[in-house]
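Everything below concerns the one structure shown next.
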Amino acid sequence: MKRLFWLGVGVAAGVSLARKASETARQATPAGLASNLGDAVRELAGAIGAFGADVRAGMSEREQELNDIVERRSGLPRPALPGPSSPARDDRGHGRHAAAAPRARRARRAEL
């Protein structure tokens, strides 16, 4: 009975070590290294994206706080800013006539 027990322990240990060795060998191949690198890059990109989202949320929150302080100290309500769905703004968030501004500056320089 003891011999059968130790035989089972030996087989289990051998199988476990063989799997571990083959996994380590697979990770040392170019495909395994590329897989590890790809996973690391995906994880880094996710972390950078989460950091960017946290920064944007913090900026938005701080901007709201500052706007409230200015409104409270000045007593004047804030003017409503056109949102991204406003027809007066294009897809980059610029005004409808933003492209005309450089032409107007050139015309003023030409007059001088």
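Taking the criterion of being outside any helix (DSSP H, G or I) and either among the β-branched types (Val, Ile, Thr) or more than 47 Å from the chain's Cα centre (by Cα) (or both), the residues of region 1-33 that qualify are MET1, THR29.
Within the option set ARG62, ARG89, ARG72, being farther than 30 Å from GLN27 by Cα, open to solvent by 80 Å² or more (accessible area, probe 1.4 Å) and modelled with pLDDT under 80 holds for one residue only, ARG89. Restrict the check to region 3-15 and report whether at least one residue is among the charged types (D, E, K, R) and surrounded by 10 or more Cβ atoms within 10 Å (Cβ to Cβ). No, the conditions are met nowhere in region 3-15.
The values are calculated or read from the model by the stated rules, or taken from the named source; none is laboratory data. Keep in mind it's a predicted model, so treat the numbers as computed, not measured. With ideal geometry, Cβ positions are generated from the backbone for all residues, glycine too; neighbour counts draw on all protein chains shown. With ligands, DNA and RNA removed, areas are computed over all heavy atoms of the protein, side chains included. Shrake-Rupley method; radii C 1.70, N 1.55, O 1.52, S 1.80 Å.
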